[in-house]
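Take a look at the structure set out below.
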Amino acid sequence: MGPLQGLKIVEFAGIGPGPFGCMMLADMGAEILRIDREPTGAQNIEGIEDQRKNSVARGRKSITLDLKDPDAIQTALKLIERADALVEGFRPGVMERLGLGPDVCLSRNPALVYGRMTGWGQTGPLSSAAGHDMNYISLSGALWSFGEKGRDPVPPMNLLGDYGGGGMFLAFGIVCALLQAQKTGKGDVVDAAICDGTAALMAPVYMWLACNRWQNQRASNRLDGAAPYYGVYRCSDGKWVSIAPIEEKFWALFLELLELDPAQVGDRHDQNRWPDIRRSFEAIIGAKPREYWCRLFEGTDICFAPILDLEEAPRHHHNAAREIFVERDGVLQPAPAPRFENSKVELPSQPPVIGEHNETALRDWGLDDTDLRVLEKSNAL
């Protein structure tokens, strides 16, 4: 089911953004065949012992090919001939050295969309260097912008780079290229780089900077934690809430519910007043437990939410009502997103054990007994 039903994608196993991008495509109905390298040990590059719990790998079938074997390369090319798209996340040049570069694959399948996921991109002075999410988001000004004033930048986990600037842009690029290929019959190579995607996510900040509405200082702006009307507050029970009444009418309601006189609070647009206003709110909110503020604020227009931990989040009544989290085989995981009115999107098949579909998937993709005997004889599978 889903809007991408009928699309066939070959995924070369990787870590981080590539698998996440493929999860998004699988969630939308694409059929994805993942080529793993070994069923044990070195291939488990995510460090997950029980592959059934690897929910990011849902919606795949898995085969194992020894890509150092010529027969395995020929098998991969046969699969690529039958695919609409390919995803790989190796350093630039690796696929070319294997004999699976874009030129070779597009010559066999001219309509193929060849998705390449890297941190630095296929070109540029750093393209061949190793790196991780934190490094890639450093070059765009993004990492520098997170944290408290006068303190070290704080890495926002690897959500911003790997998954936001990386996997999501990979999936977006692949779908764009697939639409073009459907119109023209000509495939394309998608160069998805985390440093590029993260810079694109920073476009609004650079817009505000150009308009002199953003200070080039950490925690000095209304949306980076400095403003008292856009921040997090600790409650008496040690839990937190988020409050964001940016608009004037929301701010007025916030003060009304707190029974505060706007004249006493002062001009919230005067940044010199921000520390004093924040301290007063900290004292008020810190005097009551989080549940008290949920009863008072939740569902109103002051722009409020409790800050939930990973165990609390799935149980929240809004998340439960929308079924934002689902459980299958004892594994709790986020449901596919976004939703569509005319296309039914459901949780795809469970994550595969590495090599689980060695024979069945190859037959489903059109390989015959002769092909399988060649692989068995050479131990390429």
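With respect to residue 38, determine if the residue is modelled with pLDDT under 95 and either of a type outside the set (Val, Ile, Thr) or in a loop (DSSP other than H, G, I, E, B) (or both).
Numbers: modelled with pLDDT under 95: yes; either of a type outside the set (Val, Ile, Thr) or in a loop (DSSP other than H, G, I, E, B) (or both): yes.
Yes: the conditions hold for residue 38.
What tally of residues in the stretch 54-79 results from selecting those that are in contact with a Ser or Thr (Cβ under 9 Å, 6 or more places away or on another chain) and in a loop (DSSP other than H, G, I, E, B)?
5
Before we move on, is residue 188 touching a helix residue (DSSP H, G or I) at 6+ places or on another chain (Cβ under 8 Å), closer than 30 Å to residue 24 by Cα and not assigned by TED's automatic domain parsing to the domain that holds residue 155?
Values: touching a helix residue (DSSP H, G or I) at 6+ places or on another chain (Cβ under 8 Å): yes; closer than 30 Å to residue 24 by Cα: yes; not assigned by TED's automatic domain parsing to the domain that holds residue 155: no.
Considered against the rule, which asks whether it is touching a helix residue (DSSP H, G or I) at 6+ places or on another chain (Cβ under 8 Å), closer than 30 Å to residue 24 by Cα and not assigned by TED's automatic domain parsing to the domain that holds residue 155, residue 188 comes out as no.
Within the stretch 294-308, can one find any residue that is under 29 Å from the mean Cα position of the chain (by Cα) and farther than 19 Å from residue 253 by Cα?
Yes - at least one qualifying residue is present in the stretch 294-308.
Filter the stretch 67-104 for residues that are more than 27 Å from residue 180 (Cα to Cα) and touching a Lys or Arg at 6+ places or on another chain (Cβ under 7 Å) and give the result.
Hit for the stretch 67-104 is 67, nothing else.
Tell me which residues, restricted to the stretch 209-248, are in contact (Cβ under 8 Å) with a residue 12 or more places away in the chain, over 21 Å from residue 298 (Cβ atoms) and of a type in the set (Gly, Ala, Ser).
Passing the criteria: 219, 220, 225, 226, 227.
Quick check: is even one residue across the stretch 95-115 under 30 Å from residue 205 (Cα atoms) and modelled with pLDDT of 95 or more? Before you say what the answer is, go through the steps one by one.
Step one: filter the stretch 95-115 for residues under 30 Å from residue 205 (Cα atoms), giving 115.
After this cut, where a residue has to be modelled with pLDDT of 95 or more as well, the list is 115.
Yes, the stretch 95-115 has at least one match.
Kindly provide the set of residues from the stretch 197-242 that are in a helix (DSSP H, G or I) and surrounded by 14 or more Cβ atoms within 10 Å (Cβ to Cβ), ordered by number. Spell out how you get there, then give the answer.
Applying the first criterion (in a helix (DSSP H, G or I)) to the stretch 197-242 yields 197-201, 203-210.
Answer for the stretch 197-242, where residues must be in a helix (DSSP H, G or I) and surrounded by 14 or more Cβ atoms within 10 Å (Cβ to Cβ): 197, 198, 199, 201, 205, 208, 209.
Restricting attention to helices (runs of 4 or more DSSP H) lying wholly within the stretch 80-180, give those where 3 or more residues are without any contact (Cβ under 8 Å) to a residue 24 or more places away in the chain. Break it down into steps so the answer makes sense when it comes.
Working: elements: 94-98, 102-108, 133-136.
Fully inside the stretch 80-180 and qualifying: 94-98.
List pairs: first residue in the stretch 1-25 and modelled with pLDDT of 95 or more, second residue among the hydroxyl-bearing types (Ser, Thr, Tyr) anywhere in the structure, Cβ distance under 6 angstrom, at least six positions apart or on different chains.
3/343; 20/163
Hey, among 324, 354, 307, which residue is touching a residue at least 40 places away in the same chain (Cβ under 8 Å), among the β-branched types (Val, Ile, Thr) and outside the structural domain of residue 53 (by TED's automatic domain parsing)?
Working: 324 fails: touching a residue at least 40 places away in the same chain (Cβ under 8 Å); 354 fails: outside the structural domain of residue 53 (by TED's automatic domain parsing).
Only one candidate passes the filter, namely 307.
Which residues, taken from the stretch 258-313, are in a loop (DSSP other than H, G, I, E, B), acidic (Asp, Glu) and over 22 Å from residue 246 (Cβ atoms)?
Our first condition is that a residue be in a loop (DSSP other than H, G, I, E, B); within the stretch 258-313, this holds for 259-261, 266-270, 286-289, 298-303, 308-312.
From what is left, the residues that are acidic (Asp, Glu) are 259, 261, 267, 270, 298, 301, 309, 311-312.
Once the filter is applied, which keeps residues that are in a loop (DSSP other than H, G, I, E, B), acidic (Asp, Glu) and over 22 Å from residue 246 (Cβ atoms), the stretch 258-313 yields 309, 311, 312.
Across the stretch 218-252, what is the total count of residues that are farther than 27 Å from residue 316 by Cα and under 27 Å from the mean Cα position of the chain (by Cα)?
Within the stretch 218-252, residues that are farther than 27 Å from residue 316 by Cα and under 27 Å from the mean Cα position of the chain (by Cα) number 5.
Given 194, 174, which one is surrounded by 15 or more Cβ atoms within 10 Å (Cβ to Cβ) and within 23 Å of residue 6 (Cα to Cα)? Steps first, answer last, please.
Details: 194 fails: within 23 Å of residue 6 (Cα to Cα).
The unique qualifying residue is 174.
Suppose the filter is touching a residue at least 24 places away in the same chain (Cβ under 8 Å) and part of a helix (DSSP H, G or I); does residue 192 pass it? Walk me through it before giving the result.
Numbers: touching a residue at least 24 places away in the same chain (Cβ under 8 Å): yes; part of a helix (DSSP H, G or I): no.
Against the criterion (touching a residue at least 24 places away in the same chain (Cβ under 8 Å) and part of a helix (DSSP H, G or I)), residue 192 does not qualify.
Suppose the filter is over 18 Å from residue 28 (Cβ atoms), more than 22 Å from the chain's Cα centre (by Cα), of a type outside the set (A, V, I, L, M, F, W, C) and part of a loop (DSSP other than H, G, I, E, B); does residue 356 pass it? Break it down into steps so the answer makes sense when it comes.
Details: over 18 Å from residue 28 (Cβ atoms): yes; more than 22 Å from the chain's Cα centre (by Cα): yes; of a type outside the set (A, V, I, L, M, F, W, C): yes; part of a loop (DSSP other than H, G, I, E, B): yes.
When the stated conditions are applied, residue 356 passes them.
Of everything in the stretch 314-338 that's at pLDDT 95 or above, exposed (fewer than 15 other Cβ atoms within 10 Å of the Cβ) and part of a loop (DSSP other than H, G, I, E, B), which residue is farthest from the chain's Cα centre (by Cα)?
Filtering first and then ranking leaves 323.
Return yes or no: is residue 280 surrounded by 15 or more Cβ atoms within 10 Å (Cβ to Cβ) and either in contact (Cβ under 8 Å) with a residue 40 or more places away in the chain or hydroxyl-bearing (Ser, Thr, Tyr) (or both)?
Judged against the criteria, residue 280 is a match.
The values are calculated or read from the model by the stated rules, or taken from the named source; none is laboratory data. Being a predicted model, the structure only gives us computed values, none of them experimental. Reconstructed Cβ throughout: ideal geometry from the backbone, glycine too, with neighbour counts over all protein chains shown.
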